[in-house]
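Below is one structure, written out as structure tokens, with a few remarks after it.
The values are calculated or read from the model by the stated rules, or taken from the named source; none is laboratory data. Everything numeric in this text was worked out from a predicted model, so none of it was measured. Glycine also receives a Cβ, built like all others from the backbone with ideal geometry; neighbour counts cover every protein chain displayed. Accessible surface is based on the protein model in full, side chains and every heavy atom, while ligands, DNA and RNA are left aside. Shrake-Rupley method; radii C 1.70, N 1.55, O 1.52, S 1.80 Å.
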Amino acid sequence: QIFNQHNAEALNLEQAFYRMAQTEPNLDHDVSWLLLPSYWAKMVVALISFLCFANSYDGDFVFDDSEAIINNKRKGKSSLVHLKYISHLKLLKTICDILLNFLTEKEKSLFHSPFLWQMYVKSSAAGLKNSLRATSPSDNCSLQSPKTSTDVGVHPCPSLPLEKQAVAGIVGRADLLCALFFLLSFLGYCKAFRESKYKEGHTFSVFWVLVSVILGAIAMLCKEQGITILGLNAVFDALVINKINLLELIQKLLHKDKSLENAGLLRKGLLFRITLLMSGGVSILYIRWRIMGTGPPAFTDVDNPASFADSLFVRVINYNYYYSLNAWLLLCPWWLCFDWSMGCIPLIKSVSDWRIIALAALWFCLIGLICQALCSEDSHKRRILTLGLGFLIIPFLPASNLFFRVGFVIAERVIYLPSIGYCILFTYGFSVLSKQAKKKKILAVAVLGILLINVMRCALRSSQWRSEEQLFRSALSVCPLNAKVHYNVGKNLADKGNQSAAIKYYREAVRLNPKYVHAMNNLGNILKERNELHEAEELLSLAVQIQPDFAAAWMNLGIVQNSLRRFEEAEQSYWTAIKHRKKYPDCYYNLGRLYADLNRHIDALNAWRNATVLKPEHSLAWNNMIILLDNTGNLAQAEAVGREALELIPNDHSLMFSLANVLGKSQKYKESEALFLKAIKANPNAASYHGNLAVLYHRWGNLDLAKKHYEVSLKLDPMAPGTKENYNLLRRKLEQLQKKGG
């Protein structure tokens, strides 16, 4: 009897889901402009995606890509071989995404690779409709294929330019993969109700719930934000599938009503599914804790100024202002910046600040939508608004500063997932407007105009991500008060050799943020190279005073002090740098140069040896050891060090040159000649290489070849020291030989 009762409950729930699917309004009729066949709609999506993002596929490695790929010290040698091909991964990504779109089944229209779902899935309320319909299990009806693709030409996606940071960069692949598995997890949870077997009263598939949890774990491995899918699934289950009325539930809890089962909280399987989701989430977090530990990253007040404010009022007001700015970027992604820290957004410190209006507008809209989602008598509206708000709010929670401090003010990549919910709400709003509008053609033109404008803006933003210069300069007009923007522009100019312009931007960065030690360090370096040593020393001294553990600034200060011939201070600065960074080969190298200037040869050799132990490919340290041993007459040791160095760095022509000099002095002419020729082949325009080879031939008695290489050396550098004198000696000797022969 109990078994029959369970089956009756399952059947009733099944019939309820079936009725929900059959009575679902069709948004294709609400927004009936430009309906396209599925195949053509997919082609339109692919074309629009290509227009938006294609022009950045072969761009440079910019911003985070530079550090993660080019300057990544952990990359293996094999990665260097294929480095030049990595940029083409962006084109391959586009092609694969389009292919995946056509290979997926029609019933899985939400299953799209990240590059295409942003316009194909998020732009469609019809796709939302069918994802809800997919939660309605029935043995008596076949699920109809979604009509998502028919609305592609109708629903604009204003957040497209905002998503450029996640799409353009290789590092942004984490956001794309997270979004992919996030949506797969959601689809898996929906499938749990489509694939149920209805045995012993079960109305869902435990297998697919577990699959959803696993996919959520994979999403989190791609990006921590991915774990929020478990919360979204729980909200979706409770409010959409089980249609729990939160207001009614709260009232019953307050009045200790015993009829909670009628409110839906104890409906068959809901608590069990929520328990599975919670257990999965706790397990994922525990595994992450075991692997990575619990220590939070160290952030500073310039990264997130509001989180360091002493006043709770200031923190709360500014957090909410950040939320409103994120919402505005979703609505109007026109002012975009690669970094929003360091004074880009001044703090709100009093209620008289006019920006408080933005907070009021945000919460007015959110509260209105939440009330409609919870209280509306229209079940269709409640479901769409609930899912839209869920996708909008829940993935954003890790970046909200509510649970822990984050290291940014605004991060455009963080809004990548929430933009799904925004587009659901945006589309639904247009569908409602379309039903009420009398002149639908005008509204259609307006929607297509918005789409066109944002596609153009996205293409422009895509071109800005092609190079660091364009990206950094584009931020100057958006965040002129951001010291980091000026710093990055200056660094880019310095890397290109434009030191004068770089100084201007570095000075502005220091002016905007007087404690910006990295800008001081880089500016000090340039001034040092321009022999403006006293100002360089002032800047570097200030940098280490502000940040005493700044090892690079201590080393650069030591270099300046060495140039000013204040050797004791320089030595102390070098050792302070090594104290704060134990493995610092460049500092050991500079310390060795200091000891060599002081004729402390043993100390110099030890310092350079430490540099090569820490960094075996440190060519300068090897070279200096060879040269010092050569100059002090230790030819055997110099030869041994040179051979050791060439085993580690076999293609370094400067090491070949140094060892060839040692071998020539040891009268190993044949081996010395081979190394000289090999070095010249690698660097044929080095005058000293030709000049020293000529000296070798001169000593060896091969005068014709000596004359030839003396002339090549003088042609490359007419002022080469000693070469002209040696050449004149050779000419006189050749003249004497000719006279004797005559």
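Things to note:
- Most positive-pole-ward Cα, 688, 736, 709, against dipole of segment 684-741 from beta carbon charges: 736
- The residue list 318, 429, 416 was ranked by how far each Cα lies along the charge dipole of segment 307-463 toward its positive end, using unit charges on Cβ atoms, and 429 comes out on top.
- ³J(HN,Hα), Karplus 6.51/-1.76/1.60, whole Hz, each residue of segment 631-642, x for Gly, Pro: 5, 8, x, 8, 5, 5, 5, 4, 5, 5, 5, x
- Cα pair distances exceeding 20 angstrom across segment 546-651, given as percent: 39 percent
- Cα-centre dipole for segment 655-701 with unit charges at Cβ (Lys and Arg positive, Asp and Glu negative), debye to 20: 60 debye
- Length gained on full extension, residue 310 to residue 667: 121.1 nm, using 0.36 nm per residue less the C-alpha separation.
- Where only C-alpha atoms are counted, convex hull volume of segment 417-562 per residue in Å³: 146 Å³
- The candidates 724, 670, arranged from most to least accessible area with a 1.4 Å probe in the full protein assembly, appear as 670, 724.
- Volume of the Cα convex hull of segment 684-741, divided per residue and given in Å³: 66 Å³
- Alpha-carbon radius of gyration plus Dmax, which is the widest Cα pair, for segment 307-463 in Å: 17.5, 54
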